[in-house]
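To start, the structure under review is shown below, and the notes come after it.
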Amino acid sequence: NAGVTQTPKFQVLKTGQSMTLQCAQDMNHEYMSWYRQDPGMGLRLIHYSVGAGITDQGEVPNGYNVSRSTTEDFPLRLLSAAPSQTSVYFCASSYDFEDTEAFFGQGTRLTVV
Amino acid sequence: KQEVTQIPAALSVPEGENLVLNCSFTDSAIYNLQWFRQDPGKGLTSLLLIQSSQREQTSGRLNASLDKSSGRSTLYIAASQPGDSATYLCAVRPRLRYGGSQGNLIFGKGTKLSVKP
C-alpha cells in the first residue's frame, strides 16, 4: 500500500543544472499536484493535473515544467535550477479535485548551491 | 483571495491535557477542510477531512469541527501524549465563484505542538 511515492528524498544541485523530481501514486487518483514548502511561506501550489494529458499552472509555476502521460506519474522538472528553488517539494493526489481527501508524499528536500 | 490563519503558531502543554487548535479562513466558498500532521523532516499525514456540509468529524482522540459561515475550524485533541508532538496544518479546498475548482489546497502556516512528559 504505497500511496504517493516521491524520489529522490534529498538532492543537491548546482545553479543552472536541471533535474526531474519523480512522483507516483497507486490509488488510481485523477488529480495530482506539486507544492513547495518554504519557512514562513507555508505550502504553495506549483502545478497541477486533473487527469492524464491535462496540466495547468498553480500559484508559483515559474522555473518548473510538468507533464502527465499516465494516471500514475506526475514528474516535476526544474529547467535551470536557481538558489530560490531551494525548498521542500511535496506531491499530492486525490480521487478528484473537489471534495475528496488529499494524500501527500514524503517530500523531496532540494538544495541549489 | 482565500487566506488561512492558524493560531497559535506554537503551543506547549503537559501530557494528558486536552487542547484545541484553531484555524480560520476568509472565504466560506469551500469544498472541504482538511487537517494534517507533519513531523519534522517528514511529509503530511491526513488526519481528518470535513466536507463543507458537515459540522464535525472524529477519529480516535481527535475531533475536528467546521463552522463555514464564520470561517472557523477547530481540532480538539483529547488526553494529549508526547507522540502527538508535531506541526498541525489545516487546509481548505476553495470553490471558485463561477463553479468548479482549481483543485488546490490553501494552507495555514501551522501550529507547532509540543507535549511534554
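Some observations on this one:
- For the range A:61-87, filtered to residues that are within 27 Å of B:Q38 (Cα to Cα) and touching a Phe, Trp or Tyr at 6+ places or on another chain (Cβ under 9 Å), the residue that is surrounded by the fewest Cβ atoms within 10 Å (Cβ to Cβ) is A:R77.
- Evaluated against (1) more than 24 Å from A:G51 (Cβ to Cβ); (2) more than 10 Å from chain A (Cβ to nearest Cβ); (3) in contact (Cβ under 8 Å) with a residue 24 or more places away in the chain, B:K109 falls short on exactly one condition, (2).
- In the range B:63-84, residue nearest to the other protein chains (Cβ to nearest Cβ) [restricted to those that are buried (at least 17 other Cβ atoms within 10 Å of the Cβ) and either closer than 30 Å to A:R109 by Cα or in contact (Cβ under 8 Å) with a residue 40 or more places away in the chain (or both)]: B:K68
- Residue satisfying all of: in the range B:29-62; farther than 22 Å from B:A86 by Cβ and either among the polar types (S, T, N, Q) or surrounded by fewer than 15 Cβ atoms within 10 Å (Cβ to Cβ) (or both); nearest to the other protein chains (Cβ to nearest Cβ) among these: B:Q51
- Candidates in the range B:1-28 are the residues that are among the small types (G, A, S) and more than 25 Å from A:R36 (Cβ to Cβ); of these, the one that is surrounded by the most Cβ atoms within 10 Å (Cβ to Cβ) is B:S28.
- Options A:S80, A:S67, A:S87, A:S49; residue that is within 15 Å of A:Q22 (Cβ to Cβ), among the hydroxyl-bearing types (S, T, Y) and more than 10 Å from chain B (Cβ to nearest Cβ): A:S67
- Where a residue in the range A:29-45 is more than 7 Å from chain B (Cβ to nearest Cβ) and over 14 Å from B:Q38 (Cβ atoms) and its partner, wherever it lies, is of a type in the set (K, R) and crowded, with 22+ Cβ neighbours inside 10 Å, with Cβ under 7 Å and at least six apart: A:R44/A:R36
Values quoted throughout were computed directly from the atomic coordinates according to the rules given, and no laboratory measurement underlies them. Only a predicted model underlies this, so the values are computations on that prediction, with no experimental measurement involved. Neighbour counts run over all protein chains shown; Cβ positions are idealised from the backbone, glycine included.
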